[in-house]
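For reference, the structure is listed below as structure tokens.
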Amino acid sequence: MRIGDLVARIVTQRRAYVWLGVVAGAIVCLIIFVSRISLDSEVLNMLPSKLRSVEGLKIYDRAFEQTRQLTFALHCQPDDVDKLEEFAPIFADHLRKQPWCERVLAGSPMQTPDGIRDLQSIAVPLLLNLEPPAFEETISVLQPEKLRERLHRFREQIEAGSPRAQFQLEFDPLGLIGPALKPFAESNQIEEEQPLASSDRTMRVFLVVTNQPSISPFECQRVMRQVDAFCTHARDGWEGGPLDVLVTGRSAYVAEISLSMRHDIIATVIGSVVLVGIIFFAGFGRWMPLLGMGFSLLLSCLVALALGLLIFGRLNMVTVGFCAILVGLGVDFAILIFGRYQQARTDGEPHPQAISTAIQKLGRAVFFGALTTAAGFLALILSGSIGF
């Protein structure tokens, strides 16, 4: 029995079984897609992963870039500068209470216990960055005699009521942190009177580290929805004139770009469907075959994405983008097959025989046309990019 006859018999005489199989397959694919969906939009992951330079860029981006940092800014009118100074601590407290906020920097690190602990934690690694003479001089303070002399001096000053000695003992008991931070402080001087503020005092900046586990588009959109909700109530307690609450950062950028891309994709898909539908109806005068094509192609894409998630564990946005190309190719093939079916019906062949004729006459050409396209995409694997 020819393949065309077999397909024609199945789709005409076993229609109920075909639909049951389609529904069951679609449900399984949807479960896989929903439970395991992981779309990777990181640009560096599109580069060949075997290159050491790419791996180094990934480590730098993951460990050293401020990927989870948001920058908030409050901007007021010149007449409300004093009110802004009073409102800045209130705004910082509001930020610290947010569930998505892990840390807030609203001034000098020396003004907060967390900042002091951070400085203490990085002081020892910074020792290795000192010049050899400065390093030897700093290490020399660890001699037992000098340590006893330093602690004895602190004790005398504390008993005399010196708060500075008490602070030095808590911040730098061994005398290593100050010299280690000296080059850092010289290259990153912070204004003591108005830290993180503009020169005219009309703008205050707050650096916030979020607790988002990743910088994926969905996670960035989730965090930014919470940030936007916070911004609507961020002016609570403000008694001055107009106050602008501004926010920027990598999460904000990724969320805005991904939402813009989603809007563009939806608009493109809807526009393409409308144009293809109009052209198809003008050529064949029927809507139902077009709906059948669309359903078949969507089902094929769903199966392909589900298999991709099972095989690779995650999908790259570039991979999903190729669906548009393959859907366009599928529409062309479908129109050719349906046109041949219409010609067979015009020649007087019955419905099952017309299906068999269309598959028999064009099936081989469509199959090998799809195969050459697949081979072309398969060759892109040699690039080493996970997107391909």
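The single condition among (1) of a type in the set (A, V, I, L, M); (2) in a helix (DSSP H, G or I); (3) in contact with a helix residue (DSSP H, G or I) (Cβ under 9 Å, 6 or more places away or on another chain); (4) modelled with pLDDT of 80 or more that Val104 does not meet is (2).
Residues that are small (Gly, Ala, Ser) and exposed (fewer than 11 other Cβ atoms within 10 Å of the Cβ) were ranked within the stretch 16-41; the one that is modelled with the highest pLDDT is Ala24. Cβ separations smaller than 7 Å between residues 6+ apart or across chains give the following pairs from the stretch 296-312 residues that are free of Cβ contacts under 8 Å to residues at least 24 places away in the same chain to residues that are open to solvent by 40 Å² or more (accessible area, probe 1.4 Å): Gly308/Thr319.
Look at the stretch 356-383: where a residue is closer than 30 Å to Gln342 by Cα and a partner is among the charged types (D, E, K, R) and assigned to a helix (DSSP H, G or I), sitting 6+ places away or on another chain with Cβ atoms under 8 Å, you get Ser356/Asp5; Thr357/Arg340; Ala358/Arg340; Lys361/Arg340; Leu362/Arg340. When Ala234 is tested against (1) under 30 Å from Gly21 (Cβ atoms); (2) part of a loop (DSSP other than H, G, I, E, B); (3) open to solvent by less than 40 Å² (accessible area, probe 1.4 Å), only condition (1) is not met. Restricting attention to the stretch 57-93 and to residues that are among the hydrophobic types (A, V, I, L, M, F, W, C) and open to solvent by 30 Å² or more (accessible area, probe 1.4 Å), the residue that is modelled with the highest pLDDT turns out to be Ile90.
To keep it simple, each residue is scored yes or no on (1) touching a helix residue (DSSP H, G or I) at 6+ places or on another chain (Cβ under 8 Å); (2) open to solvent by 70 Å² or more (accessible area, probe 1.4 Å); (3) of a type in the set (Lys, Arg); (4) at positive phi.
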{"position": "Trp238", "(1), (2), (3), (4)": "yes, no, no, no"}
{"position": "Leu246", "(1), (2), (3), (4)": "no, yes, no, no"}
{"position": "Ser251", "(1), (2), (3), (4)": "yes, no, no, no"}
{"position": "Ala267", "(1), (2), (3), (4)": "no, no, no, no"}
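Only a single criterion out of (1) free of Cβ contacts under 8 Å to residues at least 24 places away in the same chain; (2) surrounded by 14 or more Cβ atoms within 10 Å (Cβ to Cβ); (3) under 29 Å from Val28 (Cα atoms); (4) charged (D, E, K, R) is not satisfied by Arg345, namely (3).
The values are calculated or read from the model by the stated rules, or taken from the named source; none is laboratory data. Since this is a predicted model, take the numbers as computed values, not measurements. Don't worry about glycine lacking a Cβ; one is built from the backbone with ideal geometry, like all the others, and counts go over all protein chains shown. The accessibility values were calculated without ligands, DNA or RNA, using every heavy atom of the protein model including side chains. Shrake-Rupley method; radii C 1.70, N 1.55, O 1.52, S 1.80 Å.
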